[in-house]
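Chemist: Can you keep this structure in mind? I'll have questions shortly.
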Amino acid sequence: MRRPKGIKTRKSVAKRFKITGTGKILFRGAGRRHLLSTKNAKRRRSIEKARLVDPTDVYRIKQNLPFSH
């Protein structure tokens with residue numbers, strides 16, 4: 001059976017980024033997997049928060065998520 005043609009969502013991008021209701025893009029930073037005992041509590045708390053993507057990268061991310069905006 002043949003696969004239908006058309007635009008597809010880049011799944012690796014969909015797993016890494018989330019688009020908010022207002023169109024901003026959030027991502028989870030790196031550094032929360034291991035070696036946490038060497039990082040102080042303030043640093044660990046700041047790592048766990050979702051952060052906004054830089055405006056220069058927004059266009060490229062939205063190109064890979066065609067159905068989300």
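The values are calculated or read from the model by the stated rules, or taken from the named source; none is laboratory data. Everything numeric in this text was worked out from a predicted model, so none of it was measured. Because the Cβ atoms are built from the backbone with ideal geometry, glycine has one as well, and the counts that use them run over all protein chains shown. Just so you know, the surface numbers come from the protein's heavy atoms only, side chains and all, with ligands and any DNA or RNA stripped out. Shrake-Rupley method; radii C 1.70, N 1.55, O 1.52, S 1.80 Å.
Chemist: Kindly list, by first and then second residue, each pair from a residue in the stretch 29-44 that is surrounded by 10 or more Cβ atoms within 10 Å (Cβ to Cβ) to a residue that is among the small types (G, A, S) and in a loop (DSSP other than H, G, I, E, B), limited to pairs with Cβ atoms under 9 Å and residues at least 6 apart or on different chains.
Modeler: As it stands, the answer is K39/G31; R43/G31; R44/G31, since those pairs meet every condition given.
Chemist: Mind listing whichever residues of the stretch 45-69 are modelled with pLDDT under 95, hydrophobic (A, V, I, L, M, F, W, C) and open to solvent by 60 Å² or more (accessible area, probe 1.4 Å)?
Modeler: Selection gives F67 alone.
Chemist: For a quick check of your reading of the model, give me the residue pairs whose first member lies in the stretch 47-69 and is farther than 14 Å from G23 by Cα, whose second is open to solvent by 100 Å² or more (accessible area, probe 1.4 Å), with beta-carbon atoms closer than 6 Å and at least 6 apart or on different chains.
Modeler: A50/R28; N64/R10
Chemist: A follow-up question, please. Of the residues G31, G23, only one is out of contact with any Lys or Arg (no Cβ under 8 Å at 6 or more places or on another chain) and on the phi > 0 side of the Ramachandran plot; which?
Modeler: G23
Chemist: For R2, indicate whether it is in a loop (DSSP other than H, G, I, E, B), more than 15 Å from the chain's Cα centre (by Cα) and at pLDDT below 95.
Modeler: Working: in a loop (DSSP other than H, G, I, E, B): yes; more than 15 Å from the chain's Cα centre (by Cα): yes; at pLDDT below 95: yes.
Spelling it out, R2 is indeed in a loop (DSSP other than H, G, I, E, B), more than 15 Å from the chain's Cα centre (by Cα) and at pLDDT below 95.
Chemist: Could you list, in sequence order, all residues of the stretch 10-28 that are open to solvent by 50 Å² or more (accessible area, probe 1.4 Å) and either assigned to a helix (DSSP H, G or I) or among the polar types (S, T, N, Q) (or both)?
Modeler: Of everything in the stretch 10-28, those that are open to solvent by 50 Å² or more (accessible area, probe 1.4 Å) and either assigned to a helix (DSSP H, G or I) or among the polar types (S, T, N, Q) (or both) turn out to be K11, S12, K15, R16, T22.
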